[in-house]
Amino acid sequence: MSVVEKEKNNLDKEEKIVTALSKKLNKKVNIQRKKRLWVSIEPKEIVDACSIAYDMGFEHLSTISVTDWIEKNNFEIAYHLWSYKEKMLLTIKTRINRENPTISSVTSLWSKNAELCERECHEFYGVIFEGNVNLTPLMLEDWTGPPPFRKDFDWRKYVQQEYYDESNPREDIYFEVKK
Amino acid sequence: MTEIEERQGDFEMYFGPAHPGSGNFSVRVQLRGERVMKAVVDPGYLHRGFEKLMEYREPMQNSVLSDRICVLEPLQWNLLHAEAVDTLMGYDIPERAKYIRVILAELSRIQSHFIWYAVMSMGTGFTTGFNVAMGYRDYMLDVFDYITGGRLYPAGYICPGGVRKDLPEKAEKKILTLFEKIDYMHKFAKKENPVWLERFKEVGVLTKEEAIKLGATGPILRASGVASDVRRDDPYEIYDELEFEIPVFDEGDAYSRYLIAMQEIEESKKIVKQAIDRMPKGEVKTSNMKPIVHFRKAKGETYTRNELSRGEGAIYMIATGKKTPYRVKIRGPSFTHMIPILKHLLTDSYYADVPAIYWSLNQCPADVDR
């Protein structure tokens with residue numbers, strides 16, 4: 001099979017999946033590039049959408065990532081799912097309000113794997129996953145500050161305040177960035 | 001997991017972080033006699049916050065930073081980061097650079113599997129295995145030193161746009177001589193060893209369904225009977241042009257994970273030899289790249305996946321037209337292997353099997369914590 005034919009076959013395969021997924025999810029599924037699909041949904045549909053995707057073969061939850069869009073005052077949560085059967089990656093994206101970051105958990109589908117990914121997102125972004133019973137701290141020990149990966153957490157300022165003394169001549173070098 | 005009621009006589013023990021064979025990671029096991037009733041994993045000893053650090057740095061700086069995500073396979077993380085930036089910038093990588101990248105990534109896989117063999121030996125008290133593997137790995141580090149300038153950390157040798165420098169003179173010959181040198185170690189490790197059979201056979205069995213559900217990838221998934229490899233399923237660089245096998249075993253125990261490692265070393269050697277044979281001459285950096293990456297031109301996002309020695313590694317990068325990436329999410333393969341899977345395998349096992357199970361998962365605490 002020539003390269004061109006191969007390429008065409010691949011895209012045909014994606015088109016097929018996109019049509020089936022769009023129909024089931026009732027949303028427009030987009031092709032970002034070869035083997036990469038994405039869809040944007042409402043936060044309340046997340047469990048249903050993931051379970052439809054799971055049934056269609058997207059059984060591997062690669063990871064869950066949160067992006068802090070501070071200017072738009074929301075968090076974008078992306079679920080990256082891989083299909084062993086179709087050999088394709090589907091990203092399901094949804095946006096939740098930054099003031100009240102709550103979303104349903106997908107632990108019913110991916111049990112401990114989802115629990116872990118959500119626990120990480122909770123620790124670093126403060127997103128609450130309803131239904132996840134284990135949102136205890138994972139990496140950070142005795143951390144009492146705000147979720148550290150949020151865009152409004154200024155780690156430079158935090159480190160200066162917590163660990164250095166400006167009046168100490170041996171440490172004032174750490175304040176030069178600010179000046 | 002349901003909470004297990006504590007009985008009189010139950011006691012807790014720490015496996016790590018100060019255990020000679022645990023790495024910077026710890027597991028708290030609750031024991032009843034010799035049996036592990038419950039295991040609680042405790043990551044975070046190596047958390048450096050790479051995802052946040054990368055938001056403050058330009059891609060070329062991040063390229064150097066990406067070495068440090070996993071100490072045991074820095075070149076592969078270099079490659080993964082470079083690919084993510086390449087996709088966002090739309091760089092067309094010269095053929096020669098692709099071949100060099102693949103050669104280095106595969107050499108890195110071989111030395112990482114040597115470490116895997118070494119720590120598995122150490123975990124089960126077979127110190128000779130550890131010494132032999134670490135000793136022979138040193139020959140590989142000499143070659144890395146010769147090519148990249150760093151024995152362990154290549155300092156961003158595989159950078160966005162290609163590789164930093166062309167291969168030095170006679171590098172190909174050195175690599176082929178290296179294979180002859182390390183052949184002894186490979187033969188030594190492949191020999192059927194009664195101690196290994198005793199310690200690893202039917203220990204830490206992970207079924208196919210559990211492996212998929214708990215997010216296993218790479219050698220751990222292949223040892224449980226799923227023929228999945230990012231190099232084959234989602235090819236990057238020149239992997240679709242190369243011939244190599246994907247070893248798969250159905251048993252799902254620690255011994256089959258070890259067998260996978262041994263066969264993968266063979267396959268990696270095959271890939272490197274093919275790449276050296278076919279490597280074209282030419283540039284090693286894309287022509288539209290100035291000394292620095294003009295990341296302001298990049299917009300959009302990418303989810304780039306690679307097959308690392310430990311499994312699927314991925315970087316989700318978002319660019320918004322600023323000098324630095326807006327968001328970088330890193331998926332380390334050990335993250336799922338060492339938390340849900342380890343917990344699952346340790347529950348109801350024997351305490352003496354803890355090191356065998358622990359190391360058969362080929363973990364890297366650095367990529368769990370990031």
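Just checking, how many residues over the stretch B:53-83 are within 18 Å of B:LYS322 (Cβ to Cβ) and touching a helix residue (DSSP H, G or I) at 6+ places or on another chain (Cβ under 7 Å)? Please lay out each step first, then the result.
Residues of the stretch B:53-83 that are within 18 Å of B:LYS322 (Cβ to Cβ), as a first pass: B:53-63, B:65, B:81.
When the remaining residues are screened for being touching a helix residue (DSSP H, G or I) at 6+ places or on another chain (Cβ under 7 Å), the result is B:53-54, B:57-59, B:62-63, B:65, B:81.
Summing the residues that are within 18 Å of B:LYS322 (Cβ to Cβ) and touching a helix residue (DSSP H, G or I) at 6+ places or on another chain (Cβ under 7 Å) in the stretch B:53-83 gives 9.
Within the stretch B:39-69, can you find the residues that are more than 14 Å from chain A (Cβ to nearest Cβ) and not hydrophobic (A, V, I, L, M, F, W, C)?
Going residue by residue through the stretch B:39-69, those that are more than 14 Å from chain A (Cβ to nearest Cβ) are B:58-69.
Answer for the stretch B:39-69, where residues must be more than 14 Å from chain A (Cβ to nearest Cβ) and not hydrophobic (A, V, I, L, M, F, W, C): B:GLU58, B:PRO59, B:GLN61, B:ASN62, B:SER63, B:SER66, B:ASP67, B:ARG68.
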*Within the stretch B:20-32, identify whether any single residue is at pLDDT below 85, more than 14 Å from chain A (Cβ to nearest Cβ) and out of contact with any Gly (no Cβ under 9 Å at 6 or more places or on another chain), and answer yes or no.*
yes
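Any residue that is assigned to a loop (DSSP other than H, G, I, E, B), out of contact with any Ser or Thr (no Cβ under 6 Å at 6 or more places or on another chain) and within 19 Å of B:GLU251 (Cα to Cα) - is there at least one of those in the stretch B:164-180? Walk me through how you get there before you give the answer.
Step one: list which residues in the stretch B:164-180 are assigned to a loop (DSSP other than H, G, I, E, B), which gives B:164-170.
Retained after the next criterion (residues that are out of contact with any Ser or Thr (no Cβ under 6 Å at 6 or more places or on another chain)): B:164-170.
Still in the list and also within 19 Å of B:GLU251 (Cα to Cα): none.
For the stretch B:164-180, residues assigned to a loop (DSSP other than H, G, I, E, B), out of contact with any Ser or Thr (no Cβ under 6 Å at 6 or more places or on another chain) and within 19 Å of B:GLU251 (Cα to Cα): absent.
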*Going through the stretch A:31-56 one residue at a time, which ones are surrounded by 17 or more Cβ atoms within 10 Å (Cβ to Cβ) and part of a strand (DSSP E or B)?*
A:ARG36, A:LEU37, A:TRP38, A:VAL39, A:ILE41
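Going by what's in this entry, would B:ARG305 be described as away from chain A (no Cβ under 14 Å), in contact with a Gly (Cβ under 9 Å, 6 or more places away or on another chain), among the basic types (Lys, Arg) and surrounded by 22 or more Cβ atoms within 10 Å (Cβ to Cβ)?
Working: away from chain A (no Cβ under 14 Å): no; in contact with a Gly (Cβ under 9 Å, 6 or more places away or on another chain): yes; among the basic types (Lys, Arg): yes; surrounded by 22 or more Cβ atoms within 10 Å (Cβ to Cβ): yes.
In short, no.
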*Working only within the stretch A:84-115, note down all residues that are facing chain B (nearest Cβ under 8 Å) and in contact (Cβ under 8 Å) with a residue 40 or more places away in the chain.*
A:LYS87, A:LEU89, A:THR91, A:TRP110, A:ASN113
*Does B:TYR139 satisfy the condition of being in contact (Cβ under 8 Å) with a residue 12 or more places away in the chain, under 23 Å from B:ASP183 (Cα atoms), surrounded by fewer than 19 Cβ atoms within 10 Å (Cβ to Cβ) and in contact with a helix residue (DSSP H, G or I) (Cβ under 9 Å, 6 or more places away or on another chain)?*
yes
*asked:* Here is a check on your reading of the model: is A:TYR163 assigned by TED's automatic domain parsing to the domain that holds A:TYR174 and among the aromatic types (Phe, Trp, Tyr)?
replied: yes
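Residue-wise test of (1) in contact with a Pro (Cβ under 6 Å, 6 or more places away or on another chain); (2) more than 12 Å from every other protein chain (Cβ to nearest Cβ); (3) modelled with pLDDT of 90 or more.
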position: B:ILE271; (1), (2), (3): no, yes, yes
position: B:VAL293; (1), (2), (3): yes, yes, no
position: B:LYS299; (1), (2), (3): no, yes, no
position: B:GLY321; (1), (2), (3): no, yes, no
position: B:ASP348; (1), (2), (3): no, yes, no
position: B:VAL354; (1), (2), (3): no, yes, no
position: B:LEU361; (1), (2), (3): no, yes, no
position: B:CYS364; (1), (2), (3): no, yes, no
*So, of the residues in the stretch B:308-343 that are farther than 21 Å from A:VAL39 by Cβ and among the basic types (Lys, Arg), which turns out to be surrounded by the most Cβ atoms within 10 Å (Cβ to Cβ)?*
B:ARG310
*Per-region count, the stretch B:169-215, residues modelled with pLDDT under 85 and within 14 Å of chain A (Cβ to nearest Cβ)*: 0
*Out of the stretch A:70-83, which residues are of a type in the set (Phe, Trp, Tyr), under 16 Å from B:GLU312 (Cα atoms) and more than 9 Å from chain B (Cβ to nearest Cβ)?*
A:TYR79
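When residues of the stretch B:216-260 are filtered for being part of a helix (DSSP H, G or I), more than 14 Å from every other protein chain (Cβ to nearest Cβ) and out of contact with any Pro (no Cβ under 7 Å at 6 or more places or on another chain), how many remain? Working first, answer last.
Initially, the stretch B:216-260 is screened for residues part of a helix (DSSP H, G or I), giving B:218-222, B:230-233, B:239-241, B:254-260.
From the residues that got through so far, the ones that are more than 14 Å from every other protein chain (Cβ to nearest Cβ) too are B:219, B:254-260.
Now drop any that are not out of contact with any Pro (no Cβ under 7 Å at 6 or more places or on another chain), which leaves B:219, B:254-256, B:258-259.
Summing the residues that are part of a helix (DSSP H, G or I), more than 14 Å from every other protein chain (Cβ to nearest Cβ) and out of contact with any Pro (no Cβ under 7 Å at 6 or more places or on another chain) in the stretch B:216-260 gives 6.
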_Subset of the stretch A:47-69 [over 12 Å from A:LEU109 (Cα atoms) and within 14 Å of chain B (Cβ to nearest Cβ)]_ = A:GLY57, A:SER62, A:THR63, A:ILE64, A:SER65, A:VAL66, A:THR67, A:ASP68, A:TRP69
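The values are calculated or read from the model by the stated rules, or taken from the named source; none is laboratory data. Note that this is a predicted model, so its numbers are computed, not measured. Neighbour counts run over all protein chains shown; Cβ positions are idealised from the backbone, glycine included.
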